[in-house]
Amino acid sequence: MNETPLRMGMVGGGQGAFIGAVHRLAARLDGKVELVCGAFSRDAENTRATAAELGLDPARAYADFNEMMRAEAALPEGERMEFVAIVTPNHVHFPVAKAALEAGFHVLSDKPATLNYAEAVALRDILKTRPELSYGLTHTYLGHPMVHEMKAIVASGGIGPVRKVFAEYIQGWLAEPVEGKQADWRVDPARSGAAGAIGDIGTHAHNLAEYVTGQTMTHVAADLTAFVPGRRLDDDGSALFRMSGGAKGVLSASQICVGKENTISLRVYGETGGLEWYQEEPNTVIRTYLDRPTEMLRAGMGYLHEDTQAMFRTPPGHPEGYIEAFANVYLEFAEAVRSGKGVSAGIDSALRGMAFIDAMVDSSNNDAAWREISI
């Protein structure tokens, strides 16, 4: 028997926004989620046009998120939205999430969770009073099946205790002054928060390192730079880091590496082997050994862990990528809402991500002194 799709409302993602369209494609890919309403823009005409383009009921295209929460909560239980997807700049994440949770709606938010750590703590406190509600972050790269395979190999002892981790996310699109909707808020402290590249993409590298190793990052020694003259937030950063299980690593996040597109990589090395994954070639994991030839593990193959195989939609040799990974994030969240189970990147990840940003900024401001990631 087919399950009724989970009803979703969206805040942000109006015409001209990149990530909202990606969310909508991913959410509907498997038929488990249905968009029913939205407050897509501060511009009322944009919201109306977006709703019309998406075939939504005009009455459910709201002027702002507060109106959406009130109106949806007043609808019959079987009609109102069940969760809110937040696809806005960082400074809007907290007020929308707070309003949604207090109105009784589940929340799936873009990362980083909030503008600052204090807001993340406030979200945690709200969730403590509403244990029936689910909260998740769209850390897209956790949805890649081969990242899941790496985690499974590490957890099973397949490379021995982890010793060294390299987490990297580099782009080149902000190598010179850039204006426009996608760039402006990312370089504005009032809308982005205390960090630029480190908050925008460094949080992905941090999240991947913790997810795959099963260890939390405990300390960082960071060097952040704004290379573009006049830029108020970092566009490049690197750090040494220590992890709870004894592993040590290097994290780099940069948006000024000319020619780079969306180069994410994670390399993890243990006592007996290593694993490498590159997001621009997401269907392969390179596995190394002390005493055997290097292997290339490929997507969809029968030798992968059973849980990994369940994440694929196509047979081997039919590449799956960014949209499918994003769709897996939505599938996991829908299951969490239905079952009450947690999600891979929930409120704990939200707190760790914001604490990571604070520690990176503090360390860099103090000549790369070691700083604890304190929660």
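Only the coordinates and a few stated rules stand behind these numbers; no lab work does. Here the structure is a predicted model, which is why all the values come from computation and not from measurement. Here the Cβ is made from the backbone with ideal geometry for all residues, glycine too, and neighbour counts use every protein chain on show.
Sites listed here are GluC sites (Glu not before Pro) in the stretch 195-275 whose DSSP assignment is loop and whose Cβ has at most 11 other Cβ atoms within 10 Å: Glu261, Glu271. Highest mobility in the GNM of the chain, judged by mean-square fluctuation with C-alpha springs under 10 Å and restricted to Ala71, Ala39, Ala97, is found for Ala71.
Averaging the Cα positions of each part gives two centres, and for the stretch 39-62 and the stretch 279-298 these lie 46 Å apart. The Rg/Rh ratio of the chain, with both radii computed over alpha carbons and Rh defined as the Kirkwood radius, is 0.96. For Ser109, the residues 5 or more places off, or on other chains, whose built amide H falls under 5 Å of its own are Ile86, Gly136, Leu137, Thr138. With 0.36 nm allotted per residue and the present C-alpha distance subtracted, the Asp367-Ser156 stretch has 72.1 nm of extension available.
With K and R counted +1 and D and E -1, the other residues having a Cβ less than 12 Å from that of Leu275 yield a net charge of +1. The residues packed around Asp223, meaning those with a beta-carbon under 10 Å from its beta-carbon, carry a net charge of -3 if Lys and Arg are +1 and Asp and Glu are -1. Of the trypsin sites (Lys or Arg not before Pro) found in the stretch 228-304, those that fall in a DSSP loop while having at most 12 other beta-carbon atoms within 10 Å are Arg232.
Annotation: the antiparallel percentage among DSSP beta bridges lying fully within the chain is about 60. Over the chain, Cα pairs under 8 Å with separation of 6+ residues give a relative contact order of 19 percent. Note on the chain: Lys pairs 8 or more places apart or on different chains, Cα atoms under 23 Å apart, count 16. Other residues within the sphere of radius under 15 Å centred on the Cβ of Ala247, judged by their own Cβ, net out at +4 (K and R +1, D and E -1).
Of the GluC sites (Glu not before Pro) found in the stretch 26-82, the ones in coil according to DSSP and having at most 15 other Cβ atoms within 10 Å of their Cβ are Glu77, Glu79.
Using the Cβ-Cβ distance between Lys164 and Gln309 with R0 = 22 Å, the FRET efficiency computed as 1/(1 + (r/R0)^6) comes to roughly 0.15.
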